[in-house]
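Here's the structure, in structure tokens; my notes come after.
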């Protein structure tokens, strides 16, 4: 079966969230993945409230890109900390430790992975295993 074009409206996709000491605090919507008919593409939006953080982690087998849609903050990319602002794009190769921290106005970004499903992307957090 061949894929067909698809329109996804952000507000039609339910928000998921993480809020714990291992993963930090982030809300997100996975807009496209294999469940929606996309092949080898996971695409979504993450929302981090002012002063909150998605804690340091890496993806052993998957590259990630983010594009800042609104707000500002900082990214820890391996041993460097760099400012983030609207319009910035970051590429994170598989295995590279990274962390996203929102500034005073919060931070939202589009995330993309070359994977079939969000659930198959491994997250390895520096602080250990997240609670079940």
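Taking first residues from segment 77-92 that are without any contact (Cβ under 8 Å) to a residue 60 or more places away in the chain and partners that are surrounded by 12 or more Cβ atoms within 10 Å (Cβ to Cβ) and assigned to a loop (DSSP other than H, G, I, E, B), the Cβ contacts under 6 Å between residues at least 6 apart in sequence or on separate chains come to 78/96; 78/97.
Listed here are the residues, each with its yes/no results for (1) within 19 Å of residue 130 (Cβ to Cβ); (2) in contact with a strand residue (DSSP E or B) (Cβ under 6 Å, 6 or more places away or on another chain).
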{"site": "44", "(1), (2)": "yes, yes"}
{"site": "74", "(1), (2)": "no, yes"}
{"site": "106", "(1), (2)": "no, yes"}
{"site": "117", "(1), (2)": "yes, no"}
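For segment 108-132, the tally of residues that are part of a strand (DSSP E or B) and under 17 Å from residue 43 (Cα atoms) stands at 6.
Considering only residues of segment 42-87 that are within 13 Å of the chain's Cα centre (by Cα) and in a loop (DSSP other than H, G, I, E, B), which is surrounded by the fewest Cβ atoms within 10 Å (Cβ to Cβ)? First the steps, then the outcome.
Step one: filter segment 42-87 for residues within 13 Å of the chain's Cα centre (by Cα), giving 42-48, 53-59, 62-69, 75.
Restricting the remaining residues to those that are in a loop (DSSP other than H, G, I, E, B) gives 59, 62-63.
Values: 59: 20, 62: 18, 63: 15.
Ranking the candidates gives 63 first.
Quick check: anything in segment 13-20 loosely packed, with under 12 Cβ neighbours inside 10 Å, in contact with a helix residue (DSSP H, G or I) (Cβ under 7 Å, 6 or more places away or on another chain) and farther than 19 Å from residue 123 by Cα? Checked against the condition, which is being loosely packed, with under 12 Cβ neighbours inside 10 Å, in contact with a helix residue (DSSP H, G or I) (Cβ under 7 Å, 6 or more places away or on another chain) and farther than 19 Å from residue 123 by Cα, segment 13-20 yields no hits at all.
For segment 23-35, residues that are buried (at least 16 other Cβ atoms within 10 Å of the Cβ) and either part of a helix (DSSP H, G or I) or touching a residue at least 24 places away in the same chain (Cβ under 8 Å) (or both) total 9. Residues in segment 1-20 that are outside any strand (DSSP E or B) and in contact with a strand residue (DSSP E or B) (Cβ under 8 Å, 6 or more places away or on another chain): 6, 8, 10, 13, 14, 15.
Based on this model, can you work out whether residue 69 counts as modelled with pLDDT under 95 and within 25 Å of residue 116 (Cα to Cα)? Against the criterion (modelled with pLDDT under 95 and within 25 Å of residue 116 (Cα to Cα)), residue 69 does not qualify.
The values are calculated or read from the model by the stated rules, or taken from the named source; none is laboratory data. Everything numeric in this text was worked out from a predicted model, so none of it was measured. Counting neighbours? That spans all protein chains shown, and the Cβs are built from the backbone with ideal geometry, glycine included.
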